[in-house]
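Here the structure is laid out as structure tokens; the discussion comes afterwards.
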Amino acid sequence: MIDRLNMALRRLPSWPLYILGAVPAIAWFRLALLNRLGADPVRALEHEYGLIALQLLIAALCITPLREIVGLNLLRFRRAIGQLAFVYALLHFIVWLWLDRQFDWPRIAEDLLKRPYIIVGFAALLLLLPLALTSTDSAIRRLGGARWRRLHRLAYPATLLAGLHFIWLVKAWPAEPLLYGAGIVLLLAWRAVRSRRKGARRAMPQKFRANEKKLS
Amino acid sequence: MQRWTGPKLTYADVTPKAAWLGRRAFIAGAAALPLATRSAAAATLQGKTSKWSIDEAPTSKADITSYNNYYEFGFDKEDPERYAGKLTTKPWSVVIDGKVGRPGTYGVEDLAKPGALEERIYRLRCVEAWSMVIPWIGVPLADVIARAEPEPGAKYVAFETVYRPDEMPGQRSVFGGIDWPYVEGLRLDEAMHPLTILATGLYGEPLPNQNGAPIRLVVPWKYGFKSIKSIVRITLTEKQPPTTWNQLQPREYGFYANVNPNVSHPRWSQATERVIGAGVFAPRRDTELFNGYADAVAGLYSGMDLRKYY
């Protein structure tokens, strides 16, 4: 069943994801221009772009566990998901600079230096920048697989910071940001446990490793 | 700006109620019939004009009634409009007790007698750095307190919102960290200030539930969270009473919570505000000290360090 799904997915191209991904950005911007995003359209637009960026970052982190736990292989769509996450984070930042802070540079500088939740959000965006710039086949070749993979582990702190940014900006302790935060922590914890296990296995002498295979 | 000196105009002069009701019924059709009948049934509230009203165009009623912070009904701005309909506001009574000569339980119309109602067009500045202009209908809190005859030892006024988890989903939530019921407080001189009112209506009609029906506090020179909604208890006290946001995050929300562009919230600036209803490209407005009411209220805080007593 999973195998057949994987076969079918292999035939699908990834380019439609870019078109699909552009739809909400355009639709929400259109609604903002038409003043149909409620009483505070700037906040609504800013929030929506930020939320989509966070959801895409989390989606990208789900690819590996889906493959290893469920056997579903969506690896070839991860690049598009990651690039779209960066674009939405950038749109979120631009809406903040332009429509929210209205290019009031002294206040923007103050926010970026003094407000922890803004610093954390901006740091997440900066961490994503090298990843967006190296999300090409030629960059992988240039860097080599191992270095490229190490660089792209920046997605972990970036997503963690993005989740923290969300929790930190709200008043009190509403459910939504906490649930996103919990999801991110769970995905990163799974990776930590897995890499420790792999490391332990690598450290084991050859004869034990053979035994382990028999046991499992 | 030229002031209108002719006969007193009401919102009904701009759009007669029959016309907008008719329009709404026409647009919404039969599906929206319950809504139309409910609006038609809503009694109008007449308020005398007041010298305390500001000369600015009010925010639209649609925005005032659809963009609310009322965490008893949920964390999203749209939640109160969505869920507040469940709250039973009739019958309603408010207990006045503590250091008063005449404690008692009062109905809404005992506190805000129809003949005493005034219209107060006030600025509202939320601690989240957005603002509205709201045409409240209400009575000075001072009159209500005076009738209860405060004792000499009374120095503060404590307020309490209704606690009704079966009607208020936010009070049932395990999230939020708020210790219900919501409580607020003022110094007695702040409570007695003529700008401070108990509101029972807006835009010439009884308060919609999401705006704090049936009776709420409005203190226009303080951040919106001080203006506690759906009040069931007013207690005069000797000591400064606990207040909900201050208990939750004391570094961020003080007891005073006076609007002040020079004192930042620890997480964001309070220097400017977004004007609700002004559109996507509208410029931010510079926030004014005491929300523009400095002439009237600055004297209450003379000699006080507003950075320390935020």
For segment A:35-52, in order, what is each residue's ³J(HN,Hα) by Karplus, 6.51 cos²θ - 1.76 cosθ + 1.60 with θ = phi - 60°, in whole Hz (x at glycine and Pro)?
6, 10, 10, x, 5, 10, x, 5, 4, 4, 5, 4, 5, 5, 4, x, 5, 5
Among the aspartates and glutamates, which fall within straight-line cross-link reach of residue B:51, defined as a Cα-Cα distance under 15 Å, with same-chain neighbours fewer than 8 residues apart omitted?
B:118, B:119, B:295
Are there GluC sites (Glu not before Pro) in segment B:160-244 that DSSP marks as loop and that have at most 15 other Cβ atoms within 10 Å, and which are they?
B:238
Could you run the Debye sum over the Cα atoms of the protein assembly as shown, one equal point scatterer each and no solvent, and tell me log10 of I(q)/I(0) at q = 0.08, 0.09, 0.11 Å⁻¹, two decimals?
-0.64, -0.77, -1.04
Scan around residue B:130 for amide H atoms under 5 Å from its own, H built in the peptide plane at 1.01 Å from N, and keep only partners 5 or more places away or cross-chain.
B:274
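Could you please tell me the mean projected area of the C-alpha convex hull for segment A:1-66, averaged over all directions and given in square nanometres to one decimal?
Values: hull surface 23.3 nm².
Orientation-averaged projected area of the Cα hull: 5.8 nm².
Which trypsin sites (Lys or Arg not before Pro) in segment B:222-278 sit in a loop by DSSP (not H, G, I, E or B) and have at most 13 other Cβ atoms within 10 Å of their own Cβ?
Details: sites: B:222, B:226, B:229, B:233, B:239, B:251, B:267, B:274; in loops: B:229, B:239, B:251, B:267.
Counting only loop positions with at most 13 other Cβ atoms within 10 Å, the trypsin sites (Lys or Arg not before Pro) in segment B:222-278 are B:239, B:251.
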In peptide A:110-122, what is the residue-averaged number of other protein chain Cβ atoms found within 10 Å of each Cβ?
2
Using the Kirkwood formula on the Cα atoms of segment A:89-200, what hydrodynamic radius do you get, in angstrom to one decimal?
16.1 Å
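At most 11 other Cβ atoms within 10 Å and a DSSP loop assignment: could you name the chymotrypsin sites (Phe, Trp or Tyr not before Pro) in segment A:53-159 that fit? Mind showing how you got there, number by number?
On the way: sites: A:77, A:86, A:88, A:93, A:96, A:98, A:103, A:117, A:122, A:148; in loops: A:103.
Qualifying residues, ordered by number: A:103.
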For chain B, modelled as a GNM with alpha-carbon contacts under 10 angstrom, which of B:228, B:121, B:276 fluctuates the most?
B:276
Phi-derived 3J(HN,Hα) across segment A:55-68 with the Karplus relation (6.51, -1.76, 1.60, θ = phi - 60°), rounded Hz, x for Gly and Pro, is 5, 5, 4, 5, 4, 5, 6, 7, 4, 5, x, 4, 6, 7
Alpha-carbon centroid distance for the pair segment B:74-148 / segment B:246-310, whole angstrom:
22 Å
Take every DSSP beta bridge with both residues inside chain B and express the antiparallel ones as a percent of the total, to the nearest 5.
85 percent
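Cross-link list B:113/B:229; B:239/B:308; B:90/B:155; B:86/B:229; B:48/B:77: which exceed 26 angstrom alpha carbon to alpha carbon? Walk me through the numbers on the way to the answer.
Numbers: B:113/B:229 19 Å; B:239/B:308 19 Å; B:90/B:155 32 Å; B:86/B:229 15 Å; B:48/B:77 31 Å.
Too far apart for the 26 Å limit: B:90/B:155; B:48/B:77.
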Work out the mean other chain Cβ neighbour count within 10 Å for the residues of B:263-272 and drop it here as an integer.
4
At q = 0.09, 0.13 Å⁻¹, what log₁₀ I(q)/I(0) does chain B have when each alpha carbon counts as one equal point scatterer in the Debye sum?
-0.45, -0.99
Taking amide H positions as placed 1.01 Å from N in the peptide plane, with prolines and chain starts having none, which residues 5 or more places from residue B:219, or on another chain, fall under 5 Å of its amide H?
B:227
³J(HN,Hα) across segment B:276-286 via Karplus (A = 6.51, B = -1.76, C = 1.60, θ = phi - 60°), whole Hz, x for Gly/Pro?
5, x, 8, x, 5, 9, 5, x, 5, 9, 6
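Mean residue ellipticity at 222 nm from the helices of chain B, using -39,500 (n - 2.57) per DSSP H segment of n ≥ 4 over the full residue count, to the nearest 500 deg cm²/dmol? Mind dumping the intermediate values first?
Values: 11 runs with 62 residues, N = 310.
Taking each H run of at least 4 residues, the total per residue is -4500 deg cm²/dmol.
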With label points set 7 Å from each Cα along the Cα-to-Cβ direction at residue A:7 and residue A:64, the distance between them in nm comes to 2.9 nm
Percentage of Cα-Cα pair distances in chain A greater than 27 Å, rounded to whole percent?
43 percent
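No lab work stands behind these numbers, since they all come straight from the coordinates. This is a predicted model, so every value here is computed, not measured. Please note: Cβ atoms are built from the backbone with ideal geometry, for glycine as well, and neighbour counts cover all protein chains shown.
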